[in-house]
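The values are calculated or read from the model by the stated rules, or taken from the named source; none is laboratory data. Just so you know, these numbers come straight off a predicted model, no measurement behind them. When we count neighbours, we look across all protein chains shown, and the Cβ atoms used for this are built from the backbone with ideal geometry, even at glycine.
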Amino acid sequence: MTRGPKSGRQAAAKHQYRSIYRLELARGSSYIASTLSPESLRAAIAEVLREFGRQYGEDKLPVFRDLLAESLEDRDDANAARAVRNFAPGE
């Protein structure tokens with residue numbers, strides 16, 4: 001199955017957001033990856049997402065969240081990446 005023009009534009013937009021949020025992604029993924037317990041992992045994810053939402057707006061959270069999970073996967077931390085993707089505020 002070939003990828004259509006929409007998926008190419010989405011990939012370009014994602015690359016652009018990765019560049020824009022580079023510092024936040026590095027800081028957030030480092031902080032989340034350094035946690036030692038499930039409780040501290042949830043707290044770190046909540047803090048990173050909350051601070052990002054305050055700085056850039058709630059509407060930018062979905063793309064940031066996806067990029068943050070990818071950043072954690074790049075650090076070989078699949079569990080943290082999965083936790084970011086599945087995180088629900090108020091947990």
For the stretch 1-29, give me the residue count where each residue is part of a helix (DSSP H, G or I), surrounded by 13 or more Cβ atoms within 10 Å (Cβ to Cβ) and either at pLDDT 90 or above or among the acidic types (Asp, Glu) (or both).
8
Being part of a helix (DSSP H, G or I) and surrounded by 11 or more Cβ atoms within 10 Å (Cβ to Cβ) is the filter here; which residues of the stretch 80-91 pass it?
ALA80, ALA81, ARG82, ALA83, VAL84, ARG85
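Can LEU49 be described as in contact with a Ser or Thr (Cβ under 6 Å, 6 or more places away or on another chain), in a helix (DSSP H, G or I) and at pLDDT 95 or above?
Working: in contact with a Ser or Thr (Cβ under 6 Å, 6 or more places away or on another chain): no; in a helix (DSSP H, G or I): yes; at pLDDT 95 or above: yes.
Answer is no for this residue.
This table checks each residue for (1) within 22 Å of SER19 (Cβ to Cβ); (2) of a type outside the set (Gly, Ala, Ser).
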site: SER34; (1), (2): no, no
site: PRO38; (1), (2): no, yes
site: ARG42; (1), (2): no, yes
site: PHE52; (1), (2): yes, yes
site: LYS60; (1), (2): yes, yes
site: ALA69; (1), (2): yes, no
site: GLU73; (1), (2): yes, yes
site: ASN79; (1), (2): no, yes
Whether any residue in the stretch 46-62 is in contact with a helix residue (DSSP H, G or I) (Cβ under 6 Å, 6 or more places away or on another chain), closer than 18 Å to PRO89 by Cβ and surrounded by fewer than 17 Cβ atoms within 10 Å (Cβ to Cβ) is what I want to check.
yes
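For every residue, the table says whether it meets (1) charged (D, E, K, R); (2) within 13 Å of the chain's Cα centre (by Cα).
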position: SER7; (1), (2): no, no
position: HIS15; (1), (2): no, no
position: ARG22; (1), (2): yes, yes
position: SER29; (1), (2): no, yes
position: GLU39; (1), (2): yes, no
position: ALA44; (1), (2): no, yes
